Structures are given as C-alpha cells and as structure tokens.
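Enquirer: Provided herewith is a single structure, encoded as structure tokens, for subsequent inquiry.
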Amino acid sequence: MRHTAFFVILLISVLLGSVKAQQHLTQSALDDLPAISKGHPHHGWAGAFIGQHNDVVVMAGGSAFPDAKPWEDGQKQYSEEILLGWEENGQFTWHLDKNQLPVRVAGGAAVSLPEGIICTGGANEKGVLADASLIKVTNRTTEILPFTNLPFPLKDHGMAVIGREAFIIGGVTPQGYNTQVLVFNLDAPEKGWRSQAGLPHGITNAVVESQMDGNEQCLYVIGGRYKQEGEFITTFSSEVWKYIPSQQKWEQKHPITIAGQPTLKLAAAAGVKMGASHIVVVGGDNGSVFNRVEKAIGEMASNNDSVRQQAKSERNQLWLNHSGFNKNILVYNTITDSWFSAGELESSAPAVTSAVIWKNKVVVPSGEIRPGIRTDQVIALDFESNGGFGWLNYLVLVLYFIAMLLLGFYFMKREGDDQDFFKAGGRIPWWAAGISIFATTLSAITFIAIPAKAYATDWRMLIFNFTIIMVVPVIIRYYLPFFRRLNIGTAYEYLEMRFNRTVRWVASVLFILFMITRIAIVLFLPSLALHTVTGFSVYWSIIIMGVVTIVYCTSGGIEAVVWGDVIQGFILMAGALFAMVFMIAGVDGGLGGFIQLSLDQDKLFLFDTSLDWSKPVMWVVLLGGFANSLIAYTSDQSVVQRYMTTKDERATARSIWLNGIISVPVSIIFFLLGTGLYAFYTSNPEAISIIIPKLDAVFPHFIVSEMPAGLAGLLIAAVFAAAMSTLSSNINSVAAVITSDFYKVLKVNVTAKGTLLVARWSGIIVGVLGIGMALVLATWDIASLWDQFNTFLGLLTGGLAAFFMMGIFFKRISGMAALIGVVVGLVALLYLRSASDMSFLLYGAAGITVSVLVGWLLSYIWPAKTVDSQLVYEGIKKNREKN
C-alpha cells in the first residue's frame with residue numbers, strides 16, 4: 001500500500017511538471033548621454049574609460065566625430081570629460097563632473113576596485129600614451145589621483161583584477177603588438193608593473209575578464225583582432241584563451257560558438273563577468289565589412305586615379321551602408337567551457353565600449369554602432385531566474401519539518417535522565433547507529449558542496465572520502481575500548497583521567513568552538529541553496545531550519561537524533577539517485593554520452609602523482625583524508641557519542657564498519673552527481689542561471705529548475721535532511737560536553753532533573769549561537785564552503801586528535817607536555833597557513849604531527865607519572881564506585 005502511494009505521488013509530480021526557475025533577460029535603456037562636448041553636439045563616445053565606484057557609473061574620455069564623419073573626411077576628436085551616472089528618485093541620470101582627466105584620451109582600459117577605477121593607456125591626437133590614473137567617486141564627485149604609469153605606451157588592451165593584482169593583456173605599442181602580461185600588485189605599488197608570459201600571438205580589442213575556472217580565478221581573453229606578420233588584412237579572432245596565474249600558463253579553450261552555427265569571430269566587444277562562473281559578451285564586430293574596407297583602403301594607394309576613386313567610393317559605401325555589429329548577447333561558462341546566446345539586443349549593437357555591473361545589471365554605455373557613428377544610448381541587461389519553488393514543493397518541505405518536530409516530541413517522554421538524553425540507554429540497534437554516524441558525517445556539505453566541487457574540477461578528492469576504510473580498524477582496535485569500557489560521559493573525560501582536568505577543558509573548548517562553526521556552515525549551505533533557486537530569504541531559511549532542529553533534538557535527545565538521522569539518510573540517498581537519473585537523461589547521448597564526455601574532459605581524473613603540497617594531489621589527499629577521518633572518528637563527540645548508544649562494544653564495532661562500508665559507494669554517487677551536473681550543463685549551457693553567486697548552489701539550482709514539482713521539494717527536503725542530521729548531532733554533542741565536562745564537574749550536588757534541564761538549555765544556547773554565526777557567514781564571500789569547512793576542521797580539531805593519540809600511544813607524555821604540544825601545533829598551523837601555500841587538506845595532519853612530536857620531546861622534561869593505561873582504567877572504576 002505504501003509503495004502504491006509513493007508511485008501515485010511520483011506520477012502526479014511528473015504530470016504536474018517541473019517548476020522551471022528559468023533564466024529571463026530584461027533589456028532596457030538607461031538615461032541617454034547628454035550632448036556636452038565643448039558645445040559640439042554629438043551622440044556619444046567610443047573607447048571611453050568605463051567603471052563603477054560607490055554605486056556610481058563612470059564614463060571618462062572617449063573619441064567621436066562631432067564635426068564630420070570619416071567619409072566626409074572628418075577628424076576624430078578626443079575627450080577629457082567625465083560623466084557620472086547614478087540613481088536619483090528611482091531614475092538613472094547622467095551628470096557632467098566638474099573634474100576632467102589629465103589628458104584627452106580614448107582606447108585605454110579601466111578596471112573597478114574598492115579603491116576606485118584604474119585607467120591605463122590609450123591614445124589621442126598626439127599618439128599612444130603610457131599614462132595611468134585612479135578615479136575615486138566620493139559624494140558623487142570625482143577625485144583624480146596619479147597611478148603608476150605603464151612601462152611603455154599602450155592602447156586597445158584589456159585589463160582585469162584577480163585578488164589584489166591587476167593584469168593587462170594585449171594591445172598595441174608604437175612599435176607593434178604587446179606580447180607581455182603586465183601585472184601590478186596593489187599591495188606593493190612600489191614594485192611597479194612587472195612582466196609575465198604573454199599570449200602566443202599579439203591581440204588587440206579583445207574582451208579580458210577574470211573569472212573562476214573551478215580551481216582558481218583565471219584570466220580569459222575572448223576574441224580580438226591582430227595582423228599576421230607581413231599581412232595587410234586584419235585577422236578577427238574567435239579564440240578563447242585562459243591564463244592560469246598560479247602556473248603562469250596559457251590554455252586555449254573552446255572558440256566563440258553559438259549552438260548549430262560556425263565559430264563567431266569577434267573584436268571590440270564589451271564583456272563582464274557575472275555570478276560564479278560566467279562571462280557576458282555584448283556587441284562587437286565580426287570583421288567581415290572591416291576587412292573589405294581594409295582592402296578598399298589598400299587599393300586607394302594605387303597610382304591609377306580611376307582605381308583610387310573607385311576604391312574610395314567603395315570604402316564610403318561600405319561605411320554608409322554598414323548593417324551594424326553583432327546583436328547576439330553571448331554567455332560563456334568558464335567551468336563547462338561552453339557558449340550560448342541569451343538573446344539578441346533590441347537596440348543597435350555597440351562596439352568599442354566596455355560593460356560594467358551596476359545594481360546587478362550589465363550596463364553598456366555608448367560606443368560605436370556603425371563606423372564613425374556613436375550612440376548616446378546606454379543599454380541595461382537584467383538577468384533573472386524567474387519562476388518559483390511552487391506550492392507542492394513548499395508543501396513537501398512543510399510536511400518534512402512537521403515530521404521532524406513530531407519525532408522529537410515522541411521520544412521526549414522516554415527520557416528519564418541525562419543518560420537517556422545523551423546515550424538513549426543503550427537502546428539503539430547497531431545498524432541504526434551506523435547509519436546515524438554516516439548521516440552525521442555526510443551532512444549538507446556532502447550533498448551540496450561535493451557535487452559542486454566535482455562539477456567544477458574532477459575526482460581527485462574522492463580518495464579523501466575513502467580513507468575512512470583505512471581508519472576503521474585503527475578506531476576499533478585502539479580507540480573504541482577506551483570509550484566503551486570506561487563508560488565515560490564524553491570522549492574528553494578520558495583526557496582528564498589520562499592527563500589532567502586542564503587538558504580535558506581545553507579539548508572541550510576546542511570542540512565547542514569547532515561545532516559552533518560547523519553548525520553555522522551546515523545551516524548556511526542549504527539556506528543559500530534555497531535562496532538562490534527560489535528567492536526565499538537566506539536569513540529566514542537559516543532561522544527556520546535552526547529553530548526546528550533545536551526543538552526536535554533538545555526535546556527528544558539522542559534517540560530522536562539517531563532515528564531522525566536514519567530517516568534523513570534514506571531521504572538523502574533517494575534524492576541523490578533520482579537527481580542522477582534526471583541528469584543523465586538530459587545529456588546528449590544519454591548514459592553513453594555522459595561517460596564519453598566525462599572521459600574526454602578528464603572529469604573522472606583521480607590520481608595526480610605530482611609532488612606539490614599546495615594542490616589536491618594523491619599523497620596530499622590520502623594523508624589529509626586519513627588525518628581528518630582520524631580526527632572525526634576519535635575526537636569528535638558527535639561521532640563518539642554514537643559509540644555509547646548501542647548495547648555493547650561488539651555492536652558499536654559493527655556500526656562503525658557499516659558506516660565505513662556505506663561511505664564508499666555513497667561518496668562515488670556524490671562525485672557522480674558533480675560529473676553529471678557538468679555533463680548536463682555542457683549539453684544544455686543555457687539551462688544554468690548565470691547569476692548563481694557561488695558554485696555551491698549549482699546542485700540545488702538543478703533540482704529546482706529541472707526536476708518535477710513535488711520531487712524537487714523532496715530533493716530540497718533531502719538537502720535540509722542532510723543539514724539537520726548533522727545539526728541535531730552537533731547540538732546534542734555540544735550539550736553533552738557542556739553538561740558532562742563543565743556542569744557536572746563544577747557543581748557539587750547534581751540531580752537528574754537539574755542535569756537534564758542544563759542539557760536542554762545548553763543545546764538551545766549552542767543552537768542559537770550557531771544560527772547567529774550562520775547569519776554572519778551569509779554575508780561572506782566564500783568560493784567553496786567545503787574548502788572552508790575543512791580549513792576550520794584542520795585548524796580547530798587537529799589538536800583534539802593529537803590529545804587522544806598522545807594519551808593512547810605515548811604513555812610517557814604528561815598533561816603539561818601534551819598541552820604545550822597542542823598549543824605549538826596550533827601556532828605552527830597558523831604560521832603555515834599565512835606563510836606557505838600548503839593545501840588546507842594537510843592542516844589536520846600537520847597539526848597532529850607537530851603537536852605529538854613536540855609533546856613527545858617535552859615528555860623528557862615533564863614525563864607522565866602514570867604511564868600504564870590499566871591504572872587509568874582502575875582509577876576511573878574506583879572513582880565511579882566511590883561516587
């Protein structure tokens with residue numbers, strides 16, 4: 001009966017169809033440019049410096065033909081004027097600034113920074129310039145500051161910024177093409193511009209933008225034009241080049257192509273990056289008429305008057321009858337290396353101008369719309385993901401939240417004391433405990449961030465998840481007996497018996513700090529996902545999910561947490577499998593196409609054997625994964641607490657093995673999801689929203705935009721399930737640490753009722769702190785939250801694992817030696833993080849190694865008084881009998 005109901009719901013969902021959060025483009029025109037050039041009426045500028053500072057659009061300089069057009073033998077004039085555009089009473093308006101550029105100029109490059117707009121190079125009637133300046137906008141007026149000049153005159157180049165470095169690519173000098181990449185460190189201006197390896201050939205009028213390629217911010221050079229050596233006719237390019245700063249290396253990418261059409265040659269287009277992985281390209285010239293004009297100009301040099309006149313007439317006719325520039329609004333995905341057209345411009349297409357992001361819109365001011373003809377129009381493109389989550393999806397989510405609350409209230413009546421609240425009286429079956437450990441360590445970080453990581457990169461991180469199998473025998477053989485046979489309240493109680501109370505409290509505080517951080521991250525991830533794909537407030541999402549989790553886990557204790565984990569684990573896996581089926585169905589060629597594409601693009605690449613500790617190469621991932629698994633399964637109270645919920649040590653061992661075995665195929669599934677996302681969006685480049693702000697939102701975006709209504713709600717519920725399974729475990733475990741390691745130690749007389757009350761309130765307080773930190777985290781710009789989480793893991797918990805390793809394997813290490821060792825390990829990690837490029841994956845291994853080594857060396861100064869662990873067992877036993 002239950003199976004029948006499920007299939008009926010699934011059929012209804014499919015019939016209702018998916019609630020498509022499709023991309024929608026709105027085109028509009030902002031306020032036209034005023035005609036102000038020294039009293040000469042004109043219709044805009046080409047080649048101006050364009051940028052944005054403090055919500056003000058800046059357009060400075062430029063060139064025009066205000067008196068006569070080129071075919072009338074008119075002369076190009078240059079401007080030094082500065083126009084400022086801002087929103088006033090809901091209306092965008094332009095204003096002439098009282099200040100001017102130091103020189104008249106056009107054809108330079110500009111880039112927007114928090115400090116202002118850097119303007120470099122260009123040309124005027126006197127020739128090519130090396131000048132550079134910084135335009136700051138304060139209170140809607142400019143301040144023109146000197147900037148370090150270029151090492152040589154340069155025009156028609158491109159400029160972009162990565163971090164605190166400005167990069168200049170291409171352009172022409174008085175001597176020819178610039179083949180160098182010029183780099184300027186904004187934090188070390190005294191070093192000036194330095195040179196790095198340039199493109200294989202010179203290029204001018206190309207789009208140059210920085211964007212994430214999945215691993216790091218890279219530079220992209222799109223289109224442009226150049227002349228082959230000895231050739232008179234200009235070559236217009238469809239090439240796309242990527243510059244990888246960390247390797248100082250160039251890679252050629254897929255050329256500019258619209259599906260079903262030949263490659264598109266394009267120069268003098270306007271480009272700007274959007275979202276986490278897209279570059280929007282507007283306007284530009286394909287060169288077909290330009291080359292014919294060049295040919296006619298070449299014939300005008302003939303000695304034959306008739307030929308010269310005919311060539312001049314042909315040139316003028318080509319200029320006069322020019323049909324305009326490229327009207328396609330092109331979008332490039334830097335992850336999938338694919339192109340699509342977002343539509344066509346409703347107005348005349350511009351060239352020789354730039355684009356800027358203002359109020360989340362792509363703004364393209366002025367430019368040239370035909371040879372010699374400028375426009376005063378300012379184009380604004382607004383990309384949105386319209387559509388919504390849908391009532392059926394919201395219904396599924398609401399039902400899920402209600403079920404979780406009822407689960408907590410159901411188990412609330414079974415709690416007699418804190419032993420029930422934290423250990424469930426040993427009533428949990430081994431298989432449920434195993435699934436609960438799996439669900440706790442899986443979390444929303446797995447469900448969202450791992451597919452996003454595999455979508456953006458490859459499978460090198462898979463080995464990281466496989467290391468749990470290597471750790472399981474070590475845990476069962478050496479660690480589990482300490483936790484089970486001592487019958488301790490928390491893992492850190494052992495540290496007091498082995499070392500001293502100070503060590504216990506330091507470990508407890510480190511754990512609490514890490515858990516609050518983790519709670520914040522796993523609250524933020526699904527909230528960001530829901531906000532990105534539905535528009536639902538990320539802040540309200542954090543609050544609602546956090547409050548529901550706090551209520552059910554502080555009501556029902558560990559029993560509600562474990563059985564909630566079991567339910568959530570099944571929802572999680574069902575959702576992942578459903579999503580995988582839909583992904584493969586949408587790939588060109590189906591399953592075969594998916595496999596072929598994955599192999600062709602090296603998306604399944606697993607083993608990188610190079611010796612580089614800054615990247616996820618095999619030995620880094622293996623060592624880092626082993627250390628992080630050891631940390632999680634030996635010193636994380638939220639996991640260790642599960643060891644206490646089964647009836648005996650053997651059952652716990654079976655639950656640990658079950659978790660390890662499950663983790664292998666599940667890890668493969670989640671990496672397959674990432675590869676599936678890559679294959680799907682490579683086959684359907686227009687399907688992904690270009691305004692997704694972070695790559696971590698790519699999987700939830702697929703769920704809402706591609707899955708049937710109802711089923712999408714179930715999958716988003718799976719995202720929440722992943723988060724809430726971890727949240728509930730974290731809250732309950734921190735409550736256990738506060739209650740057992742602080743309250744029961746500091747208070748002389750404790751009662752079962754008082755202890756249970758403290759347990760509940762400490763869980764509530766910790767949950768509220770996690771919610772508060774998540775709300776702060778929502779304002780940060782984090783490229784990958786999985787990377788950030790593992791950074792926190794290594795920095796805050798490496799010392800915890802080191803305490804247990806020293807206590808169990810190094811009998812001569814005393815409490816003083818252990819404590820100093822962990823402090824030194826943390827200081828060493830902070831130093832390595834700031835002074836080296838060591839991968840964050842090694843933080844845990846480095847922290848453990850330094851801490852244990854220092855602790856062992858110091859044990860020769862402060863040796864342990866009690867070195868036999870059996871004495872520790874007997875001491876704890878006698879202490880419990882006495883109390």
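The values are calculated or read from the model by the stated rules, or taken from the named source; none is laboratory data. Remember, predicted model here, so these are calculated numbers, not experimental data. Note: ideal-geometry Cβ built from the backbone for every residue, glycine included; neighbour counts use all protein chains shown.
Enquirer: Among the candidates Phe605, Phe594, Phe582, single out the residue that is modelled with pLDDT of 80 or more, of a type in the set (Phe, Trp, Tyr), under 23 Å from the mean Cα position of the chain (by Cα) and in the same structural domain as Met724 (by TED's automatic domain parsing).
Expert: Numbers: Phe594 fails: under 23 Å from the mean Cα position of the chain (by Cα); Phe582 fails: under 23 Å from the mean Cα position of the chain (by Cα).
Selected residue: Phe605, the only one of Phe605, Phe594, Phe582 that is modelled with pLDDT of 80 or more, of a type in the set (Phe, Trp, Tyr), under 23 Å from the mean Cα position of the chain (by Cα) and in the same structural domain as Met724 (by TED's automatic domain parsing).
Enquirer: Next question. Among the residues of the stretch 597-632, count how many are in contact with a helix residue (DSSP H, G or I) (Cβ under 7 Å, 6 or more places away or on another chain) and of a type in the set (Lys, Arg).
Expert: Pass one, the stretch 597-632, residues in contact with a helix residue (DSSP H, G or I) (Cβ under 7 Å, 6 or more places away or on another chain): 597-598, 603-604, 606-609, 613, 616, 618, 620-632.
Adding the requirement that they be of a type in the set (Lys, Arg) leaves 603.
Residues that pass the stated criteria total 1.
Enquirer: Could you grab me the full set of residues in the stretch 163-201 that are under 28 Å from the mean Cα position of the chain (by Cα), outside any loop (DSSP other than H, G, I, E, B) and over 19 Å from Gly108 (Cα atoms)?
Expert: Asn185, Gln196
Enquirer: Considering only residues that are modelled with pLDDT under 80 and crowded, with 24+ Cβ neighbours inside 10 Å, which ones fall in the stretch 731-750?
Expert: The one that is modelled with pLDDT under 80 and crowded, with 24+ Cβ neighbours inside 10 Å: Asn732.
For (1) within 19 Å of Tyr332 (Cα to Cα); (2) crowded, with 24+ Cβ neighbours inside 10 Å; (3) among the charged types (D, E, K, R), each residue gets a yes or a no:
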| position | (1), (2), (3) |
| --- | --- |
| Val620 | no, yes, no |
| Gln637 | no, yes, no |
| Arg642 | no, yes, yes |
| Arg650 | no, no, yes |
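Enquirer: Please list, ordered by residue number, the strands (runs of 3 or more DSSP E) wholly in the stretch 30-136 having 1 or more residues that are hydroxyl-bearing (Ser, Thr, Tyr). Can you show your working first?
Expert: Working: elements: 49-53, 56-60, 81-88, 91-100, 109-113, 116-120.
Here the list reads 91-100, 109-113, 116-120.
Enquirer: Within the stretch 137-157, count every residue that is in a loop (DSSP other than H, G, I, E, B) and buried (at least 22 other Cβ atoms within 10 Å of the Cβ).
Expert: Pass one, the stretch 137-157, residues in a loop (DSSP other than H, G, I, E, B): 139-140, 147-154, 156-157.
Next cut, buried (at least 22 other Cβ atoms within 10 Å of the Cβ) only: 150, 154, 156-157.
Matching residues across the stretch 137-157 total 4.
Enquirer: State yes or no: is Tyr633 at pLDDT below 90, within 28 Å of Val850 (Cα to Cα), over 25 Å from the mean Cα position of the chain (by Cα) and not acidic (Asp, Glu)? Don't jump to the end; show me each part of the working.
Expert: Numbers: at pLDDT below 90: yes; within 28 Å of Val850 (Cα to Cα): yes; over 25 Å from the mean Cα position of the chain (by Cα): yes; not acidic (Asp, Glu): yes.
Judged against the criteria, Tyr633 is a match.
Enquirer: Quick check on my filter: what residues within the stretch 39-89 are under 30 Å from Lys273 (Cβ atoms) and over 41 Å from the mean Cα position of the chain (by Cα)? Show your work before the answer.
Expert: First, pick out the residues of the stretch 39-89 that are under 30 Å from Lys273 (Cβ atoms): 43-64, 78-88.
Result: His43, Ala64, Tyr78.
Conditions (1) in a loop (DSSP other than H, G, I, E, B); (2) aliphatic (A, V, I, L, M); (3) touching a strand residue (DSSP E or B) at 6+ places or on another chain (Cβ under 8 Å), marked per residue:
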{"residue": "Ser238", "(1), (2), (3)": "yes, no, yes"}
{"residue": "Tyr243", "(1), (2), (3)": "no, no, yes"}
{"residue": "Gln247", "(1), (2), (3)": "yes, no, no"}
{"residue": "Glu251", "(1), (2), (3)": "no, no, yes"}
{"residue": "Pro255", "(1), (2), (3)": "yes, no, yes"}
{"residue": "Gly260", "(1), (2), (3)": "yes, no, no"}
{"residue": "Lys265", "(1), (2), (3)": "yes, no, yes"}
{"residue": "Val272", "(1), (2), (3)": "no, yes, yes"}
{"residue": "Val281", "(1), (2), (3)": "no, yes, yes"}
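Enquirer: When you scan the stretch 225-243, do you find a residue that is hydroxyl-bearing (Ser, Thr, Tyr), crowded, with 22+ Cβ neighbours inside 10 Å and free of Cβ contacts under 8 Å to residues at least 40 places away in the same chain, even just one?
Expert: yes
Enquirer: Something else now. Any idea which of (1) modelled with pLDDT under 70; (2) outside any loop (DSSP other than H, G, I, E, B) is the one Leu399 doesn't satisfy?
Expert: For Leu399, the exception is condition (1).
Enquirer: Next question. Give all pairs with beta carbons closer than 9 Å in which a residue from the stretch 168-187 that is free of Cβ contacts under 8 Å to residues at least 24 places away in the same chain meets a residue that is of a type in the set (Ser, Thr, Tyr) and surrounded by fewer than 18 Cβ atoms within 10 Å (Cβ to Cβ); count only pairs at least 6 apart in sequence or on separate chains.
Expert: Pairs that qualify, where the first residue is free of Cβ contacts under 8 Å to residues at least 24 places away in the same chain and the partner is of a type in the set (Ser, Thr, Tyr) and surrounded by fewer than 18 Cβ atoms within 10 Å (Cβ to Cβ), are Gln180/Ser195; Val183/Ser195.
Enquirer: Restricting attention to the stretch 617-632, does a residue exist that is assigned to a loop (DSSP other than H, G, I, E, B) and either closer than 15 Å to Trp459 by Cβ or hydrophobic (A, V, I, L, M, F, W, C) (or both)?
Expert: Of the residues in the stretch 617-632, the ones assigned to a loop (DSSP other than H, G, I, E, B) are 617.
Pick out the ones that are also either closer than 15 Å to Trp459 by Cβ or hydrophobic (A, V, I, L, M, F, W, C) (or both) and you get 617.
Yes: one or more hits.
Enquirer: Which one of Asp285, Asp305, Asp337 is surrounded by 22 or more Cβ atoms within 10 Å (Cβ to Cβ) and of a type in the set (Asp, Glu)?
Expert: Asp285
Enquirer: Another question, then. What residue, of Gln252, Gln247, Gln175, is modelled with pLDDT under 90 and not small (Gly, Ala, Ser)? Let's see the steps before the verdict.
Expert: On the way: Gln252 fails: modelled with pLDDT under 90; Gln175 fails: modelled with pLDDT under 90.
The conditions single out Gln247.
Enquirer: Would you please name the residue that is modelled with the lowest pLDDT, looking only at residues in the stretch 678-689 that are buried (at least 24 other Cβ atoms within 10 Å of the Cβ) and of a type in the set (A, V, I, L, M, F, W, C)?
Expert: Only one residue tops the list, namely Ile688.
Enquirer: Sticking with this structure for a sec: Would you mind telling me which numbered condition in (1) at pLDDT 75 or above; (2) touching a Gly at 6+ places or on another chain (Cβ under 6 Å); (3) surrounded by fewer than 19 Cβ atoms within 10 Å (Cβ to Cβ) Met412 fails?
Expert: (1)
Enquirer: Here is a further query. Pull out all pairs, ordered by first then second residue, where Cβ-Cβ is under 7 Å, the residues are six or more apart or on different chains, the first lies in the stretch 851-862 and is modelled with pLDDT of 90 or more, and the second is assigned to a loop (DSSP other than H, G, I, E, B) and of a type in the set (Lys, Arg).
Expert: Pairs that qualify, where the first residue is modelled with pLDDT of 90 or more and the partner is assigned to a loop (DSSP other than H, G, I, E, B) and of a type in the set (Lys, Arg), are Ser859/Arg812.
Enquirer: Here's something else I'd like to know. Which is of a type in the set (D, E, K, R), modelled with pLDDT of 85 or more and in contact with an Asp or Glu (Cβ under 8 Å, 6 or more places away or on another chain), of Asp376, Asp420? Explain how you work it out, then say what you get.
Expert: Numbers: Asp420 fails: modelled with pLDDT of 85 or more.
Asp376 is the lone residue from the list that is of a type in the set (D, E, K, R), modelled with pLDDT of 85 or more and in contact with an Asp or Glu (Cβ under 8 Å, 6 or more places away or on another chain).
Enquirer: Using the structure shown, decide if Gly127 is within 38 Å of the chain's Cα centre (by Cα) and closer than 23 Å to Gly74 by Cα.
Expert: On the way: within 38 Å of the chain's Cα centre (by Cα): no; closer than 23 Å to Gly74 by Cα: yes.
Against the criterion (within 38 Å of the chain's Cα centre (by Cα) and closer than 23 Å to Gly74 by Cα), Gly127 does not qualify.
Enquirer: Test of understanding: among Ser638, Ser541, which residue is over 18 Å from Ala454 (Cα atoms) and either in contact (Cβ under 8 Å) with a residue 24 or more places away in the chain or out of contact with any Leu (no Cβ under 6 Å at 6 or more places or on another chain) (or both)?
Expert: Working: Ser541 fails: either in contact (Cβ under 8 Å) with a residue 24 or more places away in the chain or out of contact with any Leu (no Cβ under 6 Å at 6 or more places or on another chain) (or both).
It is Ser638.
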